[in-house]
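Novice: The structure is given below, and queries will be raised subsequently.
The values are calculated or read from the model by the stated rules, or taken from the named source; none is laboratory data. What you see is a predicted model, and the numbers here were worked out from it, not measured in a lab. Heads up, the Cβs are rebuilt from the backbone with ideal geometry, glycines too, and the neighbour counts pull from every protein chain shown.
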Amino acid sequence: MSNNVQGAGVRPAQWSSRFAFIMAAVGSAVGLGNIWKFPYITGENGGGAFVLVYLACIAVIGLPLMMAEVMLGRRGGQSPIGTMAQVAADEGRSRSWVGIGFMATLASFLILTFYSVIAGWTMPYILSAASGEFGGIAAKDSDALFGGLLASPGQLLLWHSVFMGLTVLVSAGGVRHGLERAVTKLMPALFVLLLILVGYGMTSGHFGEAAAFLFRPDFSALTAEAVLVALGHAFFTLSLASGAMMAYGAYLKKEVPIARTSVVVALMDTGVALLAGLAIFPIVFANGLEPGAGPGLIFVTLPVAFGQMPGGSFFATLFFVLLLFAAWTSSISLLESLVSYLNEKGVSRVKAAIGGGLVAWLVGITTVLSLNEWSGFTPLDMFARFEGKTLFDLYDYLTANIMMPLGAFFTALFVGWKMKPAHSAAELGGWHRVWFPVIRYLSPIALLIVFYFNLW
Ligand code: TRP
């Protein structure tokens, strides 16, 4: 089967099964967001109450939006850009709605440029762990190791290049031979690795403390800021408002139930985040480490903890391999919006993947430098909002705080107000009755509130 060049309007290649789609969508959703970011922001925001708000955001805003995106993708059957053009035309609406597709493609491309740099960190950690370098390492040495990595443009560039290469490799292989083959192997492996680590956490003697930290809500520790962080993270962790779910929805067969499948994807994504918390916090508590240590939580503190445990080198290697897998299946989806669009325009998949990856790699170099040589280069200082932000900070801010909420808002408006309810009902079945009022009223209003707090 060849899926190299598809003319506009021709249905692209499809996932071979519902399982393949679930693995791809879960692969996209589960990434650095779950294993690196969720534990550290939970630690910073006081634990249980934050987790509860995050779960509510997933259920009330994230899940309905995911259903909307997969539904749009399957109806349009093309790249996010092609899909929005198609669906807007089918509904007799303005062509400007294609803007949702363009913004989503740009957002996922921008995220890819820095995601690759962070994902690259896992590789020197795998090497260090496997060579036993963490054995008995002291906290300050671990800190210096991480600092040394960030301070070295050469090392960061090397691993960023390797990671981008891995991403392009899978993407160039196409839907069935690249994406599907990779995710159906990597995702189950990830679950097994994670369960082994949770099993270790259970034997550490501090599992109860970790569980209490994650699940016993203390609302006095909750701030308004934390609510915003939780909502923003709900989008990021589910890969929403960036075309990923639309692009993957386009490869979904008609008979697969979208609503039920989306619930499975959201549950698995949430499950992995909670499992990651249950794997990491027992280690943090057992070693008297600080849960609110920030972005360095896993890179600085875990080597210390692994360095003290029996079999630590083995478990540390396992952990960073797991993180690499998770990031890899996410980055593939970050490239997919662009590759599928170029593919529609007549560019072969291989060329599209290589070209897109190359440009993302080049832009990524500015993130590499933001962490060291250019850490003082904060070009938008004249605006109070962007003061002190490096290029890397700006990409992150622009995508997470502006493009994604905006994209989500317009997507909710489109499916809630511009699309015939009979059309969405045809895709969503019985769930439509609950989903529709949520996406029509609740989601846009919640997003407006977020915008208000974010910008003013
Ligand atoms: N969801 C992934 C994570 O948690 C990251 C990711 C993949 C993503 N595709 C995306 C984030 C699209 C935003 C948009 O790490």
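Novice: Name every residue in the range 9-65 that is within 19 Å of Glu180 (Cβ to Cβ), within 16 Å of the ligand (Cβ to nearest atom) and of a type in the set (A, V, I, L, M, F, W, C), in order of residue number. Explain how you work it out, then say what you get.
Specialist: Kept after step one, since they are within 19 Å of Glu180 (Cβ to Cβ), are these residues of the range 9-65: 11-31.
Those left that are additionally within 16 Å of the ligand (Cβ to nearest atom): 21-31.
Listed by number, the residues that qualify are Phe21, Ile22, Met23, Ala24, Ala25, Val26, Ala29, Val30.
Novice: It is to be established whether one or more residues within the range 270-284 are without any contact (Cβ under 8 Å) to a residue 40 or more places away in the chain and within 16 Å of the ligand (Cβ to nearest atom).
Specialist: Our first condition is that a residue be without any contact (Cβ under 8 Å) to a residue 40 or more places away in the chain; within the range 270-284, this holds for 271.
If we keep only those that are within 16 Å of the ligand (Cβ to nearest atom) as well, we get 271.
Looking for residues that are without any contact (Cβ under 8 Å) to a residue 40 or more places away in the chain and within 16 Å of the ligand (Cβ to nearest atom), one finds at least one in the range 270-284, hence yes.
Novice: One residue is enough: does the range 64-81 have a residue meeting the conditions in a helix (DSSP H, G or I) and of a type in the set (S, T, N, Q)? Spell out the reasoning first.
Specialist: Residues of the range 64-81 in a helix (DSSP H, G or I): 64-76, 80-81.
Narrowing further to those that are of a type in the set (S, T, N, Q): none.
Taking every residue of the range 64-81 in turn, none turns out to be in a helix (DSSP H, G or I) and of a type in the set (S, T, N, Q).
Novice: Being within 16 Å of the ligand (Cβ to nearest atom) and either in contact with a helix residue (DSSP H, G or I) (Cβ under 7 Å, 6 or more places away or on another chain) or at pLDDT below 95 (or both) is the requirement here; does Tyr125 meet it? Spell out how you get there, then give the answer.
Specialist: Working: within 16 Å of the ligand (Cβ to nearest atom): no; either in contact with a helix residue (DSSP H, G or I) (Cβ under 7 Å, 6 or more places away or on another chain) or at pLDDT below 95 (or both): yes.
It is false that Tyr125 is within 16 Å of the ligand (Cβ to nearest atom) and either in contact with a helix residue (DSSP H, G or I) (Cβ under 7 Å, 6 or more places away or on another chain) or at pLDDT below 95 (or both).
Novice: Right, something else. Yes or no: Thr317 out of contact with any strand residue (DSSP E or B) (no Cβ under 6 Å at 6 or more places or on another chain), at pLDDT below 95 and of a type in the set (S, T, N, Q)?
Specialist: Numbers: out of contact with any strand residue (DSSP E or B) (no Cβ under 6 Å at 6 or more places or on another chain): yes; at pLDDT below 95: yes; of a type in the set (S, T, N, Q): yes.
Yes: the conditions hold for Thr317.
Novice: Of everything in the range 321-346 that's within 15 Å of the ligand (Cβ to nearest atom) and closer than 28 Å to Ser204 by Cβ, which residue is surrounded by the fewest Cβ atoms within 10 Å (Cβ to Cβ)?
Specialist: Restricting to residues being within 15 Å of the ligand (Cβ to nearest atom) and closer than 28 Å to Ser204 by Cβ, the top hit is Leu324.
Novice: If Leu158 satisfies every condition in (1) more than 16 Å from the ligand (Cβ to nearest atom); (2) farther than 29 Å from Leu302 by Cα but one, which is the exception?
Specialist: Of the numbered conditions (1) more than 16 Å from the ligand (Cβ to nearest atom); (2) farther than 29 Å from Leu302 by Cα, the odd one out for Leu158 is (2).
Novice: Continuing with the same structure: Taking Leu297, is it within 16 Å of the ligand (Cβ to nearest atom) and at pLDDT 90 or above?
Specialist: Details: within 16 Å of the ligand (Cβ to nearest atom): yes; at pLDDT 90 or above: no.
So Leu297 does not fit the description; no.
Novice: Further, regarding this structure: Which residue, of Phe320, Phe314, is touching a residue at least 24 places away in the same chain (Cβ under 8 Å) and closer than 14 Å to Ile126 by Cα? It would help to see each step written out before you state the result.
Specialist: Numbers: Phe314 fails: touching a residue at least 24 places away in the same chain (Cβ under 8 Å).
After ruling out the rest, the residue left standing is Phe320.
Novice: Then there's this: Scan the range 284-334 for residues that are assigned to a helix (DSSP H, G or I) and polar (S, T, N, Q) and jot them down. Reasoning before the result, please.
Specialist: Just the residues of the range 284-334 that are assigned to a helix (DSSP H, G or I), to begin with: 284-286, 297-308, 312-334.
Within the range 284-334, Thr301, Gln308, Ser313, Thr317, Thr329, Ser330, Ser331, Ser333 meet the criteria.
Novice: Quick test for you: out of Leu252, Leu267, Leu238, Leu228, pick the one residue that is farther than 19 Å from Asn45 by Cα and either surrounded by fewer than 21 Cβ atoms within 10 Å (Cβ to Cβ) or among the hydroxyl-bearing types (Ser, Thr, Tyr) (or both). Explain how you work it out, then say what you get.
Specialist: Details: Leu252 fails: either surrounded by fewer than 21 Cβ atoms within 10 Å (Cβ to Cβ) or among the hydroxyl-bearing types (Ser, Thr, Tyr) (or both); Leu238 fails: either surrounded by fewer than 21 Cβ atoms within 10 Å (Cβ to Cβ) or among the hydroxyl-bearing types (Ser, Thr, Tyr) (or both); Leu228 fails: farther than 19 Å from Asn45 by Cα.
None of the other options fit; the residue is Leu267.
Novice: From the residues in the range 413-448 that are at pLDDT 95 or above and of a type in the set (Val, Ile, Thr), which one is nearest to Val87 (Cα to Cα)?
Specialist: Val415
Novice: Oh, and also: Would you call Phe281 at pLDDT below 90, of a type outside the set (S, T, N, Q), crowded, with 18+ Cβ neighbours inside 10 Å and not in a loop (DSSP other than H, G, I, E, B)?
Specialist: Working: at pLDDT below 90: no; of a type outside the set (S, T, N, Q): yes; crowded, with 18+ Cβ neighbours inside 10 Å: yes; not in a loop (DSSP other than H, G, I, E, B): yes.
It is false that Phe281 is at pLDDT below 90, of a type outside the set (S, T, N, Q), crowded, with 18+ Cβ neighbours inside 10 Å and not in a loop (DSSP other than H, G, I, E, B).
Novice: Could you give me the residue pairs with C-beta distances under 9 Å whose first residue belongs to the range 332-359 and is closer than 19 Å to Thr113 by Cβ, whose second residue is of a type in the set (D, E, K, R) and assigned to a helix (DSSP H, G or I) wherever it lies, and which are 6+ apart or on separate chains?
Specialist: Taking only residues 6 or more apart or on different chains, the pairs are Val339/Arg349; Ser340/Arg349; Leu342/Arg349; Leu342/Lys351.
Novice: Spot the failing condition for Met246; the list is (1) surrounded by fewer than 19 Cβ atoms within 10 Å (Cβ to Cβ); (2) touching an Asp or Glu at 6+ places or on another chain (Cβ under 7 Å), and only one is missed.
Specialist: Tallying (1) surrounded by fewer than 19 Cβ atoms within 10 Å (Cβ to Cβ); (2) touching an Asp or Glu at 6+ places or on another chain (Cβ under 7 Å), Met246 fails exactly one: (1).
Novice: Out of curiosity, is Val117 in contact (Cβ under 8 Å) with a residue 12 or more places away in the chain, surrounded by 20 or more Cβ atoms within 10 Å (Cβ to Cβ) and more than 25 Å from the chain's Cα centre (by Cα)? Show your work before the answer.
Specialist: Working: in contact (Cβ under 8 Å) with a residue 12 or more places away in the chain: yes; surrounded by 20 or more Cβ atoms within 10 Å (Cβ to Cβ): yes; more than 25 Å from the chain's Cα centre (by Cα): no.
In short, no.
Novice: To continue, here is another question. Go through the range 221-265 residue by residue and tally those that are farther than 17 Å from Pro80 by Cα, within 14 Å of the ligand (Cβ to nearest atom) and of a type in the set (Ser, Thr, Tyr).
Specialist: Matching residues across the range 221-265 total 1.
Novice: If I ask for residues that are closer than 21 Å to Asn34 by Cα and small (Gly, Ala, Ser), which ones from the range 304-328 would you list?
Specialist: Scanning the range 304-328 gives Ala305, Ala316, Ala326, Ala327.
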